[in-house]
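Below is one structure, written out as structure tokens; the observations come after it.
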Amino acid sequence: MDCAKAVGARIARPRKTLDKMEGILQVWKKLPLLIAIPTTAGTGSETTLAAVITDSRTRHKYPINDFVLIPRYAVLDPEVTRGLPPAVTATTGMDALTHAVEAFIGGSTTKETRHDAISAVKLIFTYLPKAYADGNDMNARRHMLHAAYFAGNAFSKSYVGYVHAVAHSLGGRYNTPHGLANAVLLPYVLQAYGRHAYRKLHRLAVAIGISDPMESHRVGAEKFIQAVRDLQDLLDIPRKLPEIRAEDIPSLAKKADHEANPLYPVPKLMNAKELQRFYYDIMED
Ligand SMILES: [Fe+2]
């Protein structure tokens with residue numbers, strides 16, 4: 001879908017190369033008709049204004065964000081996700097979860113995006129384990145497509161956060177699959193936001209039925225982070241990524257900082273130096 005968006009952008013802007021469209025509102029011209037049919041329940045690209053491009057020569061991975069990239073139509077058909085292998089089902093589903101959570105805890109939400117994010121989080125905790133365990137469970141597949149769509153809606157208007165910024169840097173440098181990088185990073189980043197995210201993570205814990213509104217925000221938030229870890233274990237997602245090399249970390253963190261700051265409305269600001277911790281968190285010892 002992102003490739004189709006990029007092709008459309010080049011048709012609309014034949015004299016502008018893709019790397020010149022990096023960032024926000026650099027296309028700004030109507031694309032040919034685009035109908036998106038997602039074959040994974042994850043990116044939400046069928047409803048978002050983003051196309052993520054990797055330049056295979058420079059290994060630079062960058063987003064193009066523009067309203068004209070939002071597909072005119074999206075077709076959500078669970079049949080096309082039936083044959084998706086369990087590992088891809090798991091990691092793409094965790095990408096959708098990351099969209100919903102990062103959009104929800106950010107400082108730029110609306111009533112609508114909060115609602116979409118909560119719907120997505122609830123659906124994912126219920127149906128992702130089912131879709132992972134049985135790829136032919138069309139009910140679970142259908143709910144996961146809706147979850148990815150809701151999450152896409154939420155982050156298209158309310159952005160993502162440091163999980164995505166760090167994940168993009170890893171994807172660009174090591175080709176780490178986007179959903180896998182997000183899945184591994186998510187609990188560490190949520191933990192690092194600390195008290196700045198307690199209230200909203202508590203809200204999500206209540207939404208998925210593992211916390212009580214009367215409980216303290218801190219306890220609720222800790223329960224939610226633990227639920228993410230439990231989901232990771234259920235989906236056989238590792239806690240570490242062996243490809244990360246210590247000597248790459250400063251430049252990777254700089255890339256993540258460049259992407260996220262000041263665009264992403266994260267609960268707690270961190271500079272490039274502070275972002276380095278996440279690479280060490282998930283590096284093999
Ligand atoms: Fe994503």
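Tabulated values for the structure
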{"quantity": "Approximate spin-label separation Arg82-Arg199, in nm, with each point projected 7 Å along Cα-to-Cβ", "calculated": "4.8 nm"}
{"quantity": "Ellipticity estimate at 222 nm from DSSP helix runs (n ≥ 4, -39,500 (n - 2.57)) divided over the chain, nearest 500", "calculated": "-18000 deg cm²/dmol"}
{"quantity": "Average silhouette area of the stretch 54-129, convex hull of alpha-carbon atoms, in square nanometres", "calculated": "7.5 nm²"}
{"quantity": "Whole-number percent relative contact order across the stretch 125-273, with pairs defined as alpha carbons under 8 Å at least 6 apart", "calculated": "28 percent"}
{"quantity": "Positive minus negative residues near Met144 (Lys, Arg vs Asp, Glu; Cβ under 14 Å)", "calculated": "-1"}
{"quantity": "Relative contact order (percent, whole number), the stretch 1-93, Cα cutoff 8 Å, 6+ residue spacing", "calculated": "33 percent"}
{"quantity": "Cα extents of the stretch 162-231 along the three principal axes, largest first (Å)", "calculated": "44, 22, 13"}
{"quantity": "For Val184, net neighbour charge (Lys/Arg +1, Asp/Glu -1) across residues whose Cβ lies under 10 Å away", "calculated": "+1"}
{"quantity": "Pair Met138, Ile210: separation of 7 Å Cα→Cβ label points (nm)", "calculated": "3.2 nm"}
{"quantity": "Gln226-Ile37 pseudo-label distance in nm [points 7 Å out on the Cα-to-Cβ vector]", "calculated": "4.5 nm"}
{"quantity": "Cβ-defined net charge surrounding Glu247, 14 Å radius [Lys, Arg +1; Asp, Glu -1]", "calculated": "+1"}
{"quantity": "Per residue convex hull volume, Cα atoms of the chain, in Å³", "calculated": "118 Å³"}
{"quantity": "For a label point 7 Å along the Cα-to-beta-carbon line of Asp233, residues of the stretch 175-204 with backbone N under 19 Å", "calculated": "183-191"}
{"quantity": "Fraction of beta bridges assigned by DSSP in the chain that are antiparallel (%, nearest 5)", "calculated": "55 percent"}
{"quantity": "Histogram of C-alpha separations across the stretch 192-276, 10 Å bin width, %", "calculated": "16, 30, 37, 15, 1"}
{"quantity": "5 angstrom amide H check on Ala74, placed H, neighbours 5+ away", "calculated": "Ala36"}
{"quantity": "Contact order normalised by residue count of the chain, Cα under 8 Å, 6+ apart, percent", "calculated": "18 percent"}
{"quantity": "For the stretch 127-285, the fraction of alpha-carbon pairs in successive 5 Å shells from zero, as %", "calculated": "2, 9, 15, 19, 21, 18, 11, 5, 1, 0"}
{"quantity": "Linear extension gain, Arg218 paired with Thr54, 0.36 nm per residue minus alpha-carbon span", "calculated": "55.2 nm"}
{"quantity": "Among the listed pairs Lys200/Lys240; Lys130/Lys273; Lys20/Lys157; Lys29/Lys157, those beyond 30 Å (Cα-Cα)", "calculated": "Lys130/Lys273"}
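Read-outs: derived from the displayed coordinates by stated rules, not from any lab. Keep in mind it's a predicted model, so treat the numbers as computed, not measured. Note: ideal-geometry Cβ built from the backbone for every residue, glycine included; neighbour counts use all protein chains shown.
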